């Protein structure tokens, strides 16, 4: 039951995030107003706002759908398996990805959450490598199997695709995994952890205060009298 509740709790935040993505896109459709200008436009101070807003904006429904499921899956894995540092690592990946695109990307508007998704995938995979424990390595292998096809997304000269966001997002994920490698603790690690102090007891812990006992006869009934 605890595991189930933990999964549901970890799923709640990613679902809320995806809901925001869909709400913004529905707004664009309903109002016929394009918010593409809120994307990252490299090396332009007006385009720097995209560092914070670009992952929220998508060009069309297909673009949004292609990002929603991977984002939901990887963000849930982050908040479940690495909940101790989930918010910190997510924030670093989110902002660092946008900042790197602003510094090194082509001068076009870069929009969409795919850069953050690549960052999350890279973070989960490389956290397993840096930690070198069995659970993390298995998790890394699962991510590799699920998202091995994403490797092609980092190749340059793909029309209509911000491959820079993918590549630089992956770098941001690797960097974040390295920075937080010592602070990473999976959900299972935390659940299985037992405070060693609870395994040892002082003999005084088992003493019972005689004054609080109820006796059928008075305590001194059988005392020897001389």
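No lab work stands behind these numbers, since they all come straight from the coordinates. Nothing here was measured: the structure is a model prediction, and the numbers come from that model. All Cβ positions, glycine included, derive from the backbone under ideal geometry; neighbour counts span all protein chains shown.
Out of segment 43-53, which residues are farther than 16 Å from residue 169 by Cβ and in a helix (DSSP H, G or I)?
45, 46, 47, 48, 49 - these are the residues of segment 43-53 that are farther than 16 Å from residue 169 by Cβ and in a helix (DSSP H, G or I).
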**Q.** segment 87-108, residues that are in contact (Cβ under 8 Å) with a residue 60 or more places away in the chain and surrounded by fewer than 19 Cβ atoms within 10 Å (Cβ to Cβ)
**A.** 88, 103, 104, 106, 107, 108
Q) Taking residue 26 and the conditions (1) out of contact with any helix residue (DSSP H, G or I) (no Cβ under 7 Å at 6 or more places or on another chain); (2) surrounded by 12 or more Cβ atoms within 10 Å (Cβ to Cβ); (3) closer than 19 Å to residue 150 by Cβ, which numbered condition does it fall short on, given that it satisfies the others? A) (3)
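Each row is one residue, and each column tells you yes or no for (1) closer than 15 Å to residue 108 by Cβ; (2) touching a helix residue (DSSP H, G or I) at 6+ places or on another chain (Cβ under 6 Å).
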position: 16; (1), (2): no, no
position: 57; (1), (2): yes, yes
position: 66; (1), (2): no, no
position: 69; (1), (2): no, no
position: 75; (1), (2): no, yes
Q.
With the requirement that a residue be in a helix (DSSP H, G or I), without any contact (Cβ under 8 Å) to a residue 40 or more places away in the chain and more than 21 Å from residue 143 (Cβ to Cβ), what does segment 54-86 give you?
A. 61, 62
Q: Could you list, in sequence order, all residues of segment 7-42 that are in contact (Cβ under 8 Å) with a residue 12 or more places away in the chain and assigned to a loop (DSSP other than H, G, I, E, B)?
A: 35, 39, 41, 42
